[in-house]
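Here the structure is laid out as structure tokens; the discussion comes afterwards.
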Amino acid sequence: MKAVVMAGGFGTRLRPLTAHLPKPMVPMGGKPIMEHAVELLHRHGFDDLLVLLYFLPDAITSYFGDGSRWGVRIRYVTPAADLGTAGAVKFAAEELEEPILVISGDVLTDFDLAAACSNHRAAGAEATMVLTRVENPLAYGIVIAADAGRIVRFLEKPTWGEVFSDTINTGIYILEPSVLAAVPPGREYDFGRHLFPALLREGRALNGYVAEGYWRDVGDLVEYRLAHLDLLQGRVKVTPAGRRLEGVDREIWLDEGARVDFTARLTKGVIVGRGAQIEANARIARSVIGPGCTVGEEAVLDGCVLWEGVAVGPRAVLKECVVGRQAVIRAHAVVQEGAVISDFCKIGAEAVIKENVKVWPSKEVEDGAILAVSLVWGERWSRQLFGRYGVSGLANLEITPEFASKLGAAFGAALGSHRTVVTSRDHHRASRMINRALMAGLLSVGVDVQDLGVAPIPLVRYQIPALNLAGGTHVRRSPFDPGLLDINFFDHRGTDLPPGRETAVERLFFREDFFRAPMEETGALAFPHHGADRYRDGLLGFVDRQLIQGARFRLVLDYAFGSASAIFPSVLGELGVDVISLNAYLDEARITKSREELSRSLDQLSNIVRTLSADLGVLLDAGAERVFLVDEKGEILSGDLGLALVTLLVLRTQAGATCAVPVTASQVVEDLAATYGGTLLRTRASPRALMEQAAQGGAAFVGDERGGLIFPAFQPAFDGMLATVKLLEMMARLETRLHQLARHVPESHLVRDHVPCPNERKGTVMRRLIEATRGEVVELVDGVRVRRDGEWVAAIPDPDRALFQVIAEAGSAERARQLVTEYKGLIEEWRQAKG
């Protein structure tokens, strides 16, 4: 069997180390990481290799040559264009009439590849994925395999709500020629995004083999250092360069010509490369010293990786850092945790490089300088910036002006120069500061900015497609935590950025190598004045104005000190609504509401509705995205009942309407849809998932049980102002009120709770849940939802917190509580169990 080695990676997440080096040539334990893959293939009988090249191919061909040095025959193939993973393999192996093994040239593993091939033949499969289990599966393709190994479900790079297993695709495949024949030639086609989902849809023999042993995707700088620690501690069966000596408490490896002074102390695993010199009284632990390096007298290195030709001066201190080729670290310099010093840099005597600072190639830091372009939040955002509510952090500690400017530049670079975006904020002073820094970053990469200033979020979203803009941002004080700021990012539709776009922004942010515009191409800043008028006119044109005017509604409306109070009154005035306004002014100290404060506000709203005999009470959140409802009797409606009532209104005013709700919503909405001839769709529970469903078209209404209501024909995003007006319109059309309508909503008993679970155990718990519910009616839209004879229970991993949400609905509250208790107990058991 031949092997195809994928060696075309750019290694963007490893920059600046890979600025001038392809990822497969990055040193790992004193030799290129791809060399470990070649040695592994040779050990398991693969002697005929096809190596796929793309980025800086000469660096690979000049090192490996024809492969004879490793006892293999290597041929090289370079596609003329980016064909994707599967497309590139087809290009390389199209004429082969035998099975092939595909492996990445930039992963570190010691899997038994021969055993994987034997499993493939025994299973009679067309394709076999080699699988492993990991604590955090979010960055990989996750898999469910039946007991016989047949893969039954595959999902590429899920969110926590979509995770159904901790078993992942390692990128090692065994493929029959019939599989490659299914790959369309000459265009981009990936294994994970295209080929494997297609094989599953067609019911073809896709096999999974869970391999024993070590595997790590060396995808970023953190993983790169961790892989070295694993290698030095003997967790992976690979052969470092040189010969092994017995150290004090770990193995020591010395390559040919390496010299270590007898007074130097090497501990906890050290590799010293060819011709390297360690001078008197140096102390080195858990480190790799590359070929030709020198480590001066009394220097201290712990957890470091030094590439070829690095010179470390006397009494320099390096801690858990990576230093590139031919760099010079002079005497008494200090390089702190997580720092990266790139090729050919010079760090002056007594200079200090702070934590997580990256110094790009050929830069010089003067003697005694302190380079502190470090991020205060450190490890928290070392891999991921975006959460459920955009980018969130402590104001002026984690979300600083410097951070916001860099983030704005990364967002702008992802969009491209000469594009236009809209920016906005709430009325808090910290939001104004961060919004201005964000604008500066956008302008610096040649993006034009239209700043709306203080504006409700729905108005901002509406402007983007209306003006054909590339995207937008909104800075706000968090509605959930008074110490946090959120930075929301919108795409060209006005909806939240999709995950792929978020990843692109994150990569640019961490690489820090985005283009800065020349002076003449700096972005232009404008302050448009007609955004509110455009939104108001659009909203009034969307509803039946005369119908609402004729109903002569009395509405009690709590603006919650938000910016909707500057826009919404004119809309309601045009509609002839008699409005009693509460908290209709801006107060930056009262943007965030605690649960108790929200309860008190709703109690006040209820009393006023009842006292004034109003038709409806509405409390908007500060961003005007969500609504909390009080009926004409002063009854505060729960989120589940409010969602059911709005769904019922839509179904009764639009025959055959399609509505979409989260998997966590009550079964009642399905019953209502069936009764009134509508269609109900279930989505994941995240705001982004609901907006994506709305943007796809076809749904008349999308909503959740937390007051988020979307009418996609107006805009595919939460809009509390539109929802209020649309609610009045539907009530007027049916000549009804919410309390009257509630009689048509079946009774339900829903219980919601949560159970702690470490993030690293979530994948395992999801796998055990799916295994335990085989044979039952299971939905995997978001977490695991099990349906049983008129009742259901769902367990959903929280995307931001270390816990599972557990929700159940049954014929009685007691039975619903029993289901929740049962599944909480299972999760508690599985989160502690091994395997």
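The values are calculated or read from the model by the stated rules, or taken from the named source; none is laboratory data. Computed from a prediction, not measured in an experiment: that's the story for all the values here. Glycine also receives a Cβ, built like all others from the backbone with ideal geometry; neighbour counts cover every protein chain displayed. To get the accessible areas, we keep the full protein, side chains included, count just its heavy atoms, and leave off ligands, DNA and RNA. Shrake-Rupley method; radii C 1.70, N 1.55, O 1.52, S 1.80 Å.
For residues that are polar (S, T, N, Q) and touching a helix residue (DSSP H, G or I) at 6+ places or on another chain (Cβ under 9 Å), scanning just segment 93-138, find the one that is surrounded by the fewest Cβ atoms within 10 Å (Cβ to Cβ). Looking at residues that are polar (S, T, N, Q) and touching a helix residue (DSSP H, G or I) at 6+ places or on another chain (Cβ under 9 Å), I get Asn136.
Taking first residues from segment 556-569 that are under 22 Å from Asp631 (Cα atoms) and partners that are open to solvent by less than 10 Å² (accessible area, probe 1.4 Å) and of a type in the set (S, T, N, Q), the Cβ contacts under 9 Å between residues at least 6 apart in sequence or on separate chains come to Leu557/Thr724; Phe568/Thr724. Of all residues in segment 727-735, none are open to solvent by 30 Å² or more (accessible area, probe 1.4 Å), at pLDDT 90 or above, under 24 Å from Gln818 (Cα atoms) and outside any helix (DSSP H, G or I).
If you check Phe701, Phe718 for being at negative phi and touching a Cys at 6+ places or on another chain (Cβ under 6 Å), only one passes: Phe701. Of the residues screened, Arg243 is not one that is charged (D, E, K, R) and either under 21 Å from Leu226 (Cβ atoms) or out of contact with any Phe, Trp or Tyr (no Cβ under 9 Å at 6 or more places or on another chain) (or both).
Filtered by the rule that a residue be free of Cβ contacts under 8 Å to residues at least 40 places away in the same chain and within 24 Å of Gly562 (Cα to Cα), segment 402-431 gives no residues.
The number of residues in segment 95-137 that are part of a loop (DSSP other than H, G, I, E, B) and at negative phi comes to 16. Select from segment 186-218 the residues that are buried (at least 20 other Cβ atoms within 10 Å of the Cβ) and among the small types (Gly, Ala, Ser) and write down the one among them that is farthest from Val89 (Cα to Cα). Out of the qualifying residues, it is Ala211.
Here Gly541 meets each of (1) more than 21 Å from the chain's Cα centre (by Cα); (2) surrounded by 15 or more Cβ atoms within 10 Å (Cβ to Cβ) with one exception, condition (2).
For segment 520-558, give me the residue count where each residue is small (Gly, Ala, Ser) and in a loop (DSSP other than H, G, I, E, B). Here the count works out to 2. Does Pro240 count as farther than 25 Å from Lys762 by Cα, over 34 Å from the mean Cα position of the chain (by Cα) and crowded, with 16+ Cβ neighbours inside 10 Å? Against the criterion (farther than 25 Å from Lys762 by Cα, over 34 Å from the mean Cα position of the chain (by Cα) and crowded, with 16+ Cβ neighbours inside 10 Å), Pro240 qualifies. Within this structure, Val627 passes the test of being modelled with pLDDT of 95 or more and within 33 Å of the chain's Cα centre (by Cα). Is it the case that Arg274 is open to solvent by 20 Å² or more (accessible area, probe 1.4 Å), basic (Lys, Arg), in contact with a Pro (Cβ under 9 Å, 6 or more places away or on another chain) and not in a helix (DSSP H, G or I)? Yes. Of the residues that sit in segment 762-781 and are part of a helix (DSSP H, G or I) and open to solvent by 50 Å² or more (accessible area, probe 1.4 Å), which one is farthest from Lys824 (Cα to Cα)? This residue is Glu771.
When residues in segment 305-333 are screened for being open to solvent by 10 Å² or more (accessible area, probe 1.4 Å) and under 36 Å from the mean Cα position of the chain (by Cα), 6 of them pass.
Taken together, Arg516, Arg476, Arg493 contain a single residue that is open to solvent by 10 Å² or more (accessible area, probe 1.4 Å) and not in a loop (DSSP other than H, G, I, E, B), which is Arg476.
Taking the criterion of being among the charged types (D, E, K, R) and touching a residue at least 60 places away in the same chain (Cβ under 8 Å), the residues of segment 536-555 that qualify are Asp544, Arg554.
Condition check: out of contact with any Pro (no Cβ under 9 Å at 6 or more places or on another chain), of a type outside the set (D, E, K, R) and either outside any strand (DSSP E or B) or more than 26 Å from Pro22 (Cβ to Cβ) (or both). Does Ser287 satisfy that? Taking the combined requirement at face value, the residue does not satisfy it. The criterion of at least 1 residues that are under 20 Å from Val305 (Cβ atoms) and of a type outside the set (Val, Ile, Thr) is met, among strands (runs of 3 or more DSSP E) falling completely within segment 165-264, by 215-217, 243-246, 251-254. Filtering Asp302, Asp343 for residues that are surrounded by 19 or more Cβ atoms within 10 Å (Cβ to Cβ) and acidic (Asp, Glu) leaves a single hit, Asp343. Among strands (runs of 3 or more DSSP E) entirely within segment 363-473, having at least 2 residues that are at pLDDT 85 or above, open to solvent by 20 Å² or more (accessible area, probe 1.4 Å) and farther than 17 Å from Val505 by Cβ singles out 420-425, 448-454.
Ala524 meets all of the listed conditions (1) in contact with a strand residue (DSSP E or B) (Cβ under 9 Å, 6 or more places away or on another chain); (2) aliphatic (A, V, I, L, M); (3) closer than 29 Å to Phe386 by Cβ; (4) crowded, with 20+ Cβ neighbours inside 10 Å but one, namely (4).
Asp558 meets the stated requirement of being acidic (Asp, Glu) and at pLDDT 95 or above.
Only one of the listed residues (Ile548, Ile591) is open to solvent by less than 50 Å² (accessible area, probe 1.4 Å), β-branched (Val, Ile, Thr) and at pLDDT 90 or above. That residue is Ile548.
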